[in-house]
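Engineer: Have a look at the structure that comes next, please.
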């Protein structure tokens with residue numbers, strides 16, 4: 001089946017907490033919206049836990065809640081105005097809501113609805129791993145929209161995009177997603193193969209020559225699958241580079257992204273073992289936490 005032509009995201013929702021990381025996410029979203037003549041919305045959620053903490057430390061009857069909302073709305077409007085002036089994007093909508101952040105953001109992506117959810121990563125914050133686990137991963141487990149996790153301020157369009165493939169229905173959609181978000185970028189299509197049950201085969205006494213034969217067959221099968229993907233998505237030779245590696249997929253993805261100087265990784269939400277995963281595919285979870293460049297997670301399957 002010939003894949004549908006990729007469509008650029010027209011409605012981008014940025015979840016902001018006014019942190020430097022969130023501001024970078026807004027800048028990337030504004031760049032995408034300006035390039036695609038899309039719509040941009042900034043959303044800030046007044047967390048229930050924050051409001052409860054403030055309530056515990058203030059005197060009853062004081063109009064503190066109204067002032068907090070006014071300050072948050074003023075900050076939201078200021079951020080929207082700054083983005084609009086800096087990127088020359090059209091009108092930017094703002095939305096201030098109360099509630100649990102993950103739930104409210106997820107509901108917003110469905111109610112608007114958004115083509116792309118954009119959030120900031122925490123960079124060098126010592127709580128980076130904890131925050132990724134509790135925010136980005138939880139958002140991805142709930143949301144049914146693609147999500148872009150931004151790690152650095154944009155310096156222009158994405159130039160080189162790593163697309164890890166495991167030939168699952170979820171990874172199949174990563175190529176059109178990459179072409180939609182970064183239409184002019186060079187794609188690095190990679191697959192990390194392994195010999196099934198290699199350790200058990202060694203334990204059973206299978207010799208190195210036989211294992212070498214299995215390894216070469218696994219490599220050729222991977223190359224055949226990649227070539228079939230190239231044909232299905234009508235990629236031209238100048239559009240892509242192939243990268244075949246053997247071994248631990250997450251480690252190889254991160255290494256190839258660094259070696260090839262990729263500024264974006266596009267990966268499927270799940271992999272071939274999706275039925276065995278509770279929230280995200282284990283490879284996706286690892287890449288989301290450890291990558292040094294932006295990561296776009298496709299929530300769709302072919």
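The values are calculated or read from the model by the stated rules, or taken from the named source; none is laboratory data. Remember, predicted model here, so these are calculated numbers, not experimental data. Cβ atoms come from the backbone with ideal geometry, glycine included; neighbour counts cover every protein chain shown.
Engineer: So residue 267 fits all but one of (1) at pLDDT 90 or above; (2) surrounded by 14 or more Cβ atoms within 10 Å (Cβ to Cβ); (3) out of contact with any strand residue (DSSP E or B) (no Cβ under 6 Å at 6 or more places or on another chain); (4) within 22 Å of residue 147 (Cα to Cα); what number is the exception?
Structural biologist: Of the numbered conditions (1) at pLDDT 90 or above; (2) surrounded by 14 or more Cβ atoms within 10 Å (Cβ to Cβ); (3) out of contact with any strand residue (DSSP E or B) (no Cβ under 6 Å at 6 or more places or on another chain); (4) within 22 Å of residue 147 (Cα to Cα), the odd one out for residue 267 is (3).
Engineer: If the requirement is being touching a helix residue (DSSP H, G or I) at 6+ places or on another chain (Cβ under 9 Å) and at pLDDT 90 or above, which of these qualifies: 288, 278, 254, 211?
Structural biologist: On the way: 288 fails: at pLDDT 90 or above; 278 fails: at pLDDT 90 or above; 211 fails: at pLDDT 90 or above.
The match here is 254.
Engineer: Of these, 90, 99, which one is more than 29 Å from residue 184 (Cα to Cα) and either modelled with pLDDT under 85 or not assigned by TED's automatic domain parsing to the domain that holds residue 282 (or both)?
Structural biologist: Numbers: 90 fails: more than 29 Å from residue 184 (Cα to Cα).
The match here is 99.
Engineer: Would you say residue 126 is at pLDDT below 90, over 13 Å from the mean Cα position of the chain (by Cα), outside the structural domain of residue 294 (by TED's automatic domain parsing) and crowded, with 19+ Cβ neighbours inside 10 Å? First the steps, then the outcome.
Structural biologist: Numbers: at pLDDT below 90: yes; over 13 Å from the mean Cα position of the chain (by Cα): yes; outside the structural domain of residue 294 (by TED's automatic domain parsing): yes; crowded, with 19+ Cβ neighbours inside 10 Å: no.
For residue 126, the condition - at pLDDT below 90, over 13 Å from the mean Cα position of the chain (by Cα), outside the structural domain of residue 294 (by TED's automatic domain parsing) and crowded, with 19+ Cβ neighbours inside 10 Å - is not met.
Engineer: Looking at segment 86-107, which of its residues are free of Cβ contacts under 8 Å to residues at least 60 places away in the same chain and part of a helix (DSSP H, G or I)?
Structural biologist: Listed by number, the residues that qualify are 86, 102, 103, 106, 107.
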